[in-house]
Amino acid sequence: MTDSAGDPTRDVSIPRRASLELLRAEAADELAVLVHERLLGGEDPWDFMEDLPTVDELVVFTLRAENIAANGGVRPTAARHYRVLRQIALEYPPLTPAVWRLLGDANTHRRWDAVIQADAS
């Protein structure tokens, strides 16, 4: 898919919605709430902190979720998942390391990881 300028690397279905600083701030707030809830539930942070996504991973998943919602809620195929995450990396270059971590096999121990979710289906 190309944008109106004919650029084939830019997916028009992923609009840039906010600055990266704002997205990271929102993700940090969300992560703080998750940690707080788990602590209130009596969980030991040593047991769950490694399982939580990083702020940048949470930003990537938020942008991916917005793309899925914009596509009518249709769960993406593996190829579309790759393309959407790649496009996020192109739109927000500082998120590239998080995108590549999420595309790789390194995080498959995390329950929220897309690789685990896709394989479980």
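Summed over segment 89-104, the residues that are under 10 Å from the mean Cα position of the chain (by Cα) and within 9 Å of Asp56 (Cβ to Cβ) give a count of 3.
The residue pairs whose first member lies in segment 31-46 and is in a helix (DSSP H, G or I), whose second member is surrounded by 10 or more Cβ atoms within 10 Å (Cβ to Cβ) and at pLDDT below 90, and whose beta carbons are closer than 6 Å, counting only pairs six or more residues apart or on different chains, are Arg38/Phe48.
The criterion of being β-branched (Val, Ile, Thr), exposed (fewer than 11 other Cβ atoms within 10 Å of the Cβ), at pLDDT below 85 and assigned to a loop (DSSP other than H, G, I, E, B) holds for Thr9.
Across segment 77-121, the number of residues qualifying as among the polar types (S, T, N, Q), modelled with pLDDT of 85 or more and surrounded by 13 or more Cβ atoms within 10 Å (Cβ to Cβ) comes to 2. For segment 51-76, the set of residues classified as of a type outside the set (Val, Ile, Thr), surrounded by fewer than 11 Cβ atoms within 10 Å (Cβ to Cβ) and either in contact (Cβ under 8 Å) with a residue 60 or more places away in the chain or not in a helix (DSSP H, G or I) (or both) consists of Gly72, Gly73, listed by residue number.
For segment 16-30, a residue qualifies if it is of a type in the set (D, E, K, R) and in contact (Cβ under 8 Å) with a residue 24 or more places away in the chain, and the qualifying residues are Arg16, Arg17, Arg24, Glu26, Glu30.
The values are calculated or read from the model by the stated rules, or taken from the named source; none is laboratory data. Just so you know, these numbers come straight off a predicted model, no measurement behind them. FYI the Cβ positions are ideal-geometry reconstructions off the backbone, even for glycines, and counts take in every protein chain you see.
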